[in-house]
Structure formats: structure tokens, C-alpha cells
Amino acid sequence: RLDNMQAAILGLNLKEYEGEIARRREIASIYQDRLGDLSELQLPPAPGSEPDHFDVFQNYELEADRRDDLQKYLRAQGVGSLVQWGGKAVHQIKALGLSANVPYTEKMFKRCLMLPMNTSLTDDDVAYVCDTIRHFYARE
């Protein structure tokens, strides 16, 4: 339930909603264009690549070879990134009491990394993230 203040703030934010989604999709397109050719990465579907799939790109999560090393390198270069849920799939969180044998999911969670996806990022900021990732893999 919203009080009047929360409703007023939400009303203001909703006016910007379409622009926020458009900017997130622009950033995702830059990631796709600049990183899509790297064999070490598996990117999410690009905006518009699947007619039945529309993503607002709340997050930009990819799979990366040497994920932990890449994350450390990005951090050293001033680029923040996240490993969602501490790198554990839901069935691996002991407190939930679940158990399952899902080796593909476990492998994927060892590779997943979320890149910056904030609408305040400039195209130059996103290019820097991409250049930094490309430099990391070129060093191999």
C-alpha cells in the first residue's frame, strides 16, 4: 500500500519509465556490438533479436570465461560488476533446504557476471567497460 508521498514519487518516476527502458536497451546494444565477437563471453539476447522476447535490461548479465579474474581486473580498472546471489543458484542456498542435481545451472553460476547497467552511464562509460573487457582477454 502506498501513502500519498510514495504515490507522488511513483507518479513522477513513471513519466520517465519509457525513456529508462529505451536507455537500458541502448546500453545493451552497445555491449552486444562491442563484445558480441568475444568467444570467451556468452551474452544475453540482444535487444530486438527475438521478436517474441522483450527485455528491459534491468540487469546485464553475461557468462564469462575466467569470471573471477575478469571481475578483479575490472575492479582494478575502476569498473564495478556483480556476481548475483554470491554466485549460488537457488538450490545451492542451504537455508532454503533444497537439493537438486542441475550441473548446467551450477556451471553457469560459476560464469555469470553482471556488468554496469545504469541509465546514468554515458556511451563513453559503456565503451570503457567494453574496452577493459577486451583488453583483459587480449592479454591471454
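The values are calculated or read from the model by the stated rules, or taken from the named source; none is laboratory data. All figures in this text were calculated on a predicted structure; none of them were measured in a lab. Cβ atoms come from the backbone with ideal geometry, glycine included; neighbour counts cover every protein chain shown.
Data table
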read-out: Index of the failed condition, Leu10 passing every other in (1) aliphatic (A, V, I, L, M); (2) exposed (fewer than 13 other Cβ atoms within 10 Å of the Cβ); (3) modelled with pLDDT of 90 or more; value: (3)
read-out: Hits in segment 119-140 - residues which are hydroxyl-bearing (Ser, Thr, Tyr) and at pLDDT 95 or above; value: Thr122, Tyr128, Thr132, Tyr137
read-out: Residue match in segment 98-116 (condition: in contact with a Gly (Cβ under 7 Å, 6 or more places away or on another chain), closer than 27 Å to Asn13 by Cα, outside any helix (DSSP H, G or I) and modelled with pLDDT of 95 or more); value: yes
read-out: Single match in Leu43, Leu62 (criterion: surrounded by 15 or more Cβ atoms within 10 Å (Cβ to Cβ), touching a strand residue (DSSP E or B) at 6+ places or on another chain (Cβ under 8 Å) and either free of Cβ contacts under 8 Å to residues at least 40 places away in the same chain or hydroxyl-bearing (Ser, Thr, Tyr) (or both)); value: Leu43
